[in-house]
Amino acid sequence: MFKKTTLFLLLFLLTSSLQSQKNSVIDSLSAALKKAKTDTAYIRVLNELAYEYVNDSPETAIKKATEALALSEKINYDNGKMNANNNIGLAAYYSNDYTTALRHYELAKKLAIKINNHSKLAATINNIGLIYDDKAEYEKALEHYLQALKIVEENNGSKYLMASALNNIAIIYKNQEKFKQSLDFHFKALKIKEEINNVKGMGSSFHNIGLVYKQMGELDKSLEYYNKALELRKSVNDLSGTALTLNNIGSVYETKEEYEKAFVYFQESLKIREKQKDKYSLAITLFSLGSNFCSRNKYAEGLAYIEKATAISKELNAKELLKYAYETYADIYSRQGSYQKAFEYQTLLINIKDSILNSEKSQQINELQTKYETENKEKEIALMTKEREIQELELNKNKLFVTVLIIATCLILVLSGLIFNRYKLKQKANRLLEIQNAEISQQKKEITDSINYAKRIQQSILPPDEHWKDLLPNSFIFYRPKDIVSGDFYWIEKNQNHVCFAAVDCTGHGVPGALMSVIGFNLLTQAVNEAKLTQPSEILKHLDAGVTKTLRQSEDGKGVKDGMDLSLCCLNKDTNELQFAGAFNSLYYVRNGELFEIKADKFPIGVNLDGVVDEFTNHTIQLQKNDCVFLFSDGYADQFGGPKGKKFKYKQLKSLLLNISEKSITEQKQIIEHAFDSWKNDLEQVDDVLIIGVKI
């Protein structure tokens, strides 16, 4: 939790001077409206007024634009209709009324095509893309952004609009984790902003590029571009942007576990945000500082900041922030072993998630209701028109025509009755289906919440980072579960001058694997702490017997036929003598540019149907300075990926470990992680992944 980067999008806060300028523009336009001598001039000013109100008062903007639209339709003024529809769409978008916004944007698009206005056409299509972007329909959003970009490029349009479209496309690719494409478009947008000397825009592009590199795990690159963004944003006194970039730089250092550096940047961000009126952003920085203190085991100071942030979140009724707060509290108390408090905040977290879900459903219902009422009004208008036509016909036609009309009307009523009956039956079936879907969704949610809580319990069992680093300072753990909970786990204990550590792969993954991991972890700890064993072969024998007994494995087939593969080492810290024993999983060590493999025994822990405990082979290696030792499960080598979608395989894993052995332990982990993500790319992860590296 505390090592995750806290990244939130900020809304730019208008200063009082800008608001004063805005009021001045509105006053000037209001005066011009009174002096307008022609209908077209009056419509033009009305549309300009509507645009000025879009941000601060969408209702006023819609009222002004609707008046402009009505007058434009009366005199058949296409340019006025186009701008009015665009303004109504924009105001509806800011009010989160996406149905109305889309309807008016589509009308504006048709008018822009009709009058051959390429600039307005591109802007409108770009705005439609923003709606689909907000609705997380990324494919549709990307389609519209690319279409807008193509129009601007083919017609040598606005550089500003071109940069905006490129930036939007880049963000879509980032959200889809297509980082290479995202960077390509961000750099194109940056180049255009440099051409038009848009310094504030350049700062935004540098910031966005830093964000992409952060998500790729290239932390030094991320810092490079964040620092460029910071310099530009400070140069133009962009306070909100400066605070955001400072906060994100801090989060990168947090990920690098350079907590003191992270603290400095979070503090600087806080100083800016305390002077502004944006409480939402202030809460974000307070959360960042709280997490930073907790990462340094200063829980009292951390909780103080998190409590301040939580108070602001409650004041703003910011449910997304409250969700983050409760998640943070649950994690802190779980780390401290206060499981009752952790459970209480986990319950609050579930409740706030339900509240968010219900709010989203209410918004969808309101959108459907608005659409329904609009369609009803259109039907009423059509019906009134039809009635007037019938009245005129009645005055001019003879009785025979009236009779025919009555018969036709009766037929229509009968048909309408049949259609209505079919509609009611379909509506009833849909309601039943909605109830069933809701029940399934609720069951799925409850299961997911339970598994998420199981994840917290499993994480609390695993050795804390600080405990691991205390026993093996020059080491790393690359741990990537396939599901929420994992069948792979890492373990470490100390007995006098011996440090025993293991990489364990339980049968399966997910919940079954996680249950096996609890059994294995407890038996390993018992072997060292209670039985005082320090010879790996004896520890594995103890583990083998314990698993067989716990799972009641026997020839009658009634017990659970599950087990574990693992590699286990005991290192004498005084002499650097390493003892190793393994079940299926080998040990690699690198010395002077050459990789050696110590093979494991070809039988697993457990699954002793004959009731006889296995005897494991004990290996001894005298390690030298700069030797690197690697333990692993089979998940990394079995991952499908690469250009042909094939397995990574052990041969390639050996080559990777040999190539990184001369680098620092931190660099080794970063390279292993990046290589795995690059190989897997968009393919599904097939198994839990665990690699432990130790450098002497």
Task: residue 226 being within 30 Å of residue 682 (Cα to Cα) and either within 21 Å of the chain's Cα centre (by Cα) or free of Cβ contacts under 8 Å to residues at least 60 places away in the same chain (or both) - done: yes
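Based on this model, can you work out whether residue 175 counts as touching a Phe, Trp or Tyr at 6+ places or on another chain (Cβ under 7 Å), closer than 30 Å to residue 669 by Cα and touching a residue at least 60 places away in the same chain (Cβ under 8 Å)? Break it down into steps so the answer makes sense when it comes.
Working: touching a Phe, Trp or Tyr at 6+ places or on another chain (Cβ under 7 Å): yes; closer than 30 Å to residue 669 by Cα: yes; touching a residue at least 60 places away in the same chain (Cβ under 8 Å): no.
No; evaluated as a whole, the condition is false for this residue.
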Open item on the list: So if I check each of 675, 637, which one is assigned to a loop (DSSP other than H, G, I, E, B), surrounded by 14 or more Cβ atoms within 10 Å (Cβ to Cβ) and not polar (S, T, N, Q)?
Closed with: 637
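Those residues that are assigned to a helix (DSSP H, G or I) and more than 14 Å from residue 589 (Cα to Cα), I need them from segment 651-664; list them, please.
651, 652
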TODO: Kindly provide the set of residues from segment 42-78 that are hydroxyl-bearing (Ser, Thr, Tyr), modelled with pLDDT of 90 or more and under 43 Å from the mean Cα position of the chain (by Cα), ordered by number.
DONE: 60, 66
Open item on the list: Being assigned to a helix (DSSP H, G or I), modelled with pLDDT under 85 and buried (at least 20 other Cβ atoms within 10 Å of the Cβ) narrows it down to one residue among 112, 165, 170, 189; which is it?
Closed with: 165
Open item on the list: Can you list residue pairs whose Cβ atoms sit under 9 Å apart, with the first residue in segment 531-550 being closer than 18 Å to residue 503 by Cβ and at pLDDT below 90 and the second being in a helix (DSSP H, G or I) and β-branched (Val, Ile, Thr)? Count only pairs 6 or more apart in sequence or on different chains.
Closed with: 547/519
- [ ] Go through segment 657-690 and give me each residue that's touching a helix residue (DSSP H, G or I) at 6+ places or on another chain (Cβ under 6 Å) and under 21 Å from residue 566 (Cβ atoms).
- [x] none
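Can you go through 488, 505 and tell me which one is under 19 Å from residue 601 (Cβ atoms), buried (at least 21 other Cβ atoms within 10 Å of the Cβ) and of a type in the set (D, E, K, R)? Break it down into steps so the answer makes sense when it comes.
Values: 488 fails: under 19 Å from residue 601 (Cβ atoms).
Going through 488, 505 in turn, just one is under 19 Å from residue 601 (Cβ atoms), buried (at least 21 other Cβ atoms within 10 Å of the Cβ) and of a type in the set (D, E, K, R): 505.
Looking only at strands (runs of 3 or more DSSP E) that lie completely in segment 592-634, which have at least 3 residues being loosely packed, with under 15 Cβ neighbours inside 10 Å?
Values: elements: 594-598, 619-622, 628-632.
Of the strands (runs of 3 or more DSSP E) lying wholly inside segment 592-634, those with at least 3 residues that are loosely packed, with under 15 Cβ neighbours inside 10 Å span 594-598.
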Task: Selection within segment 191-223 - in contact with a helix residue (DSSP H, G or I) (Cβ under 6 Å, 6 or more places away or on another chain), in contact (Cβ under 8 Å) with a residue 60 or more places away in the chain and not basic (Lys, Arg) - done: 216, 217, 219
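The values are calculated or read from the model by the stated rules, or taken from the named source; none is laboratory data. Since the structure is predicted, the reported quantities are computational estimates derived from the model, not experimental observations. All Cβ positions, even for glycine, are placed from backbone atoms using ideal geometry, and neighbour counts span all protein chains on display.
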